[in-house]
1. Restricting attention to segment 45-62, and to residues there that are closer than 13 Å to Gln7 by Cβ and open to solvent by 80 Å² or more (accessible area, probe 1.4 Å), which single residue is modelled with the highest pLDDT?
2. Test each condition in (1) under 14 Å from the mean Cα position of the chain (by Cα); (2) open to solvent by 20 Å² or more (accessible area, probe 1.4 Å) for Ala233 and report the one that comes out false.
3. If only one of Val414, Val439 is of a type outside the set (Lys, Arg) and under 11 Å from Val165 (Cα atoms), which one is it?
4. With the structure loaded, tell me whether Ala430 is among the small types (Gly, Ala, Ser), assigned to a helix (DSSP H, G or I) and surrounded by fewer than 22 Cβ atoms within 10 Å (Cβ to Cβ) or whether it fails that test.
5. Quick one: what pairs do we get from segment 425-437, first residue among the acidic types (Asp, Glu), second in a helix (DSSP H, G or I), C-beta under 8 Å, 6+ apart or different chains?
6. Here are Lys370, Lys333: which of them is among the basic types (Lys, Arg), within 26 Å of Val443 (Cα to Cα) and outside any helix (DSSP H, G or I)?
7. Conditions first: (1) charged (D, E, K, R); (2) under 20 Å from Gln334 (Cβ atoms); (3) in contact with a Ser or Thr (Cβ under 7 Å, 6 or more places away or on another chain). Asp189 passes all but one, so which condition is the exception?
8. Quick one: would you say Thr87 is touching a residue at least 60 places away in the same chain (Cβ under 8 Å), more than 50 Å from the chain's Cα centre (by Cα) and loosely packed, with under 15 Cβ neighbours inside 10 Å?
Amino acid sequence: MYIEVNQDGLYEVDENLYTRPKQLTNFVPEIMTAYYPLADNQQFPQALDVRITWADHTQRRLILPMSRSLATSIRNAEPRAVLLKPTALAAVQMYLVDQISKTNKEMRGVYLPGNGTHWLAYGQHVTVWNGRVAGSADLKIPCVIKPTDTYRITNSIDRPVPTLVRALLENDAALVLPVAYALLVSRRDVLTAEQHPLQGGLYITGVQSSGKTTLARRVFGYTERIGTPGKPALMLEAVSTEASVRDTLSENPGCVVIIDDLAKSSTRSIEAHRRKLGGAMLRLAANEGDSTKKNSSGKTDHRDCAAGIALTAEFVLDGVSELTRSIFVYLDKQLNLTEDVRPALIGAILEDFADWFADNYEHAIELLHKIADSPDILKNLRVDGADEFTELLTRERRIQDNLALLQWAFVCMVEMIKSTVKLSPHQEQALYEKFWKAVHLSVSKQVDEFSKIRTHLKEGNIAHLLCEAIDSDEFKLCRKKEKLFKRNGIIWKEKKGVIKQVGIKQTALVQFIRNQNGYQNYSSRKITDYMKDIGCLTINEDKSNTVHIGKLKDGKRPLPRVLLIDVQTLRDNAEKYELFAEQARE
């Protein structure tokens, strides 16, 4: 059996000469272009440009995804296409697959996976946004873009660039970082390719009813559900599972996913679950490592995190790692946004930004390396108390790296604005002042939260703390027995100016340890058990922790009981902790 092509359709021809050919279809399909994935040696393309011709010579072009039943895809896309025999499904598939094997170079195109900047085989780069090739350059090769069937980007607004300038200048500085983050995420694949990956998500927090969700929806709600105008497609509740968030982040490159309402709860377990979930979601969006998932054919797909994340929350996640991955927008009062700030504005700006980026790719990359290779956020933060800012941004490089990337996105945005409309020096300066004010507020929130965490982090083990206290004479140790009644302890043995053994009153020692960060809830027994475990404590004959070290010379009054401690054993076991270091590496 073989397939014969006639002007009114495909026919099945039996090798038996006495059997008349059977008509299988009322149309003739012909492959015009086969679209193959980028940098992929797969045998079959991802999509086909098929021309359908009928007996009356009318034609229609269809872009079809490659599948195991192309005849069904044709029938579903074109009602006039009729399959006349049950064997037509297999026959059409065989006929088209045979055409694929015979396609020449002129009939081959590129299948672009969606939003992002992609490199073609001959060195040309192409930027895709919202189902189209951005910029003014003409491609040298036919291409088709992977369709999006879950959302559409709303962008129906007149004169978006002047409207954006007005909105940024008229509204609170809290608007600036979300807008810059939306632009930054739209170019996330470029950041990764240039070795400056985005390592954070936007964390919108503040007092109740301050407008956290409103801000997130107005800026990041540009992805609307198809068939439901005004309904954000990428807005998930805080009860979502990690798996669903991971899928959403990998399937929507260049867009921002909203995780809404990490709220406080009267039930401790519920709030703990929300905190854990918020931290996990933030890590999913901030980490560059890909995830794997089995596809329908049983093969393993590697999925990159190609989207960004914006969380709205009533509380701040209390882990060091989560803090360093958070780009804070803190609302300490109700935020009143003007009517200009709406999803259609951001959607339209993203369209213009994609065009500007495509046409100015080399310049944008040059700016990226100029800003991000040696980030210096501090020089633009003219504030009192800069020591805290310096200490934080120097220690936590991830925070400064994320802010530098936001600075790059903002600088590119200003360049785009200047290429579209006339921007006066006064307006440009006002925009930059808004941006740096927003960065200052974000870093201030980081400083506050790290200060709170510091009170719960241990600077070292108990041995280290006691060595520091003895060296700094924290206990005001005496050398004469008669002064022990008024002092917290005594230097019991000393050799050539080196303290060998001290006796410290138990109440004073326990109180000192409890006053240190991270030891507030330590019991007296837990502290003394630690000292016994490391062997620095002299145990009395009655196995009590404190010892009686004698009486006054008159023999009438016994000296107060003390914890008799070997200082050298303390020093051998002392360990200083690097604050934040271990948690930040998680």
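1. Gln59
2. The failed condition is (1).
3. Val414
4. When the stated conditions are applied, Ala430 passes them.
5. Cβ pairs passing all conditions: Glu428/Val414; Glu428/Lys418.
6. Lys333 is the lone residue from the list that is among the basic types (Lys, Arg), within 26 Å of Val443 (Cα to Cα) and outside any helix (DSSP H, G or I).
7. So Asp189 meets the others, but not (2).
8. Answer is yes for this residue.
The values are calculated or read from the model by the stated rules, or taken from the named source; none is laboratory data. In this text, all values refer to a predicted model and were calculated from it rather than measured experimentally. All Cβ positions, glycine included, derive from the backbone under ideal geometry; neighbour counts span all protein chains shown. The accessibility values were calculated without ligands, DNA or RNA, using every heavy atom of the protein model including side chains. Shrake-Rupley method; radii C 1.70, N 1.55, O 1.52, S 1.80 Å.
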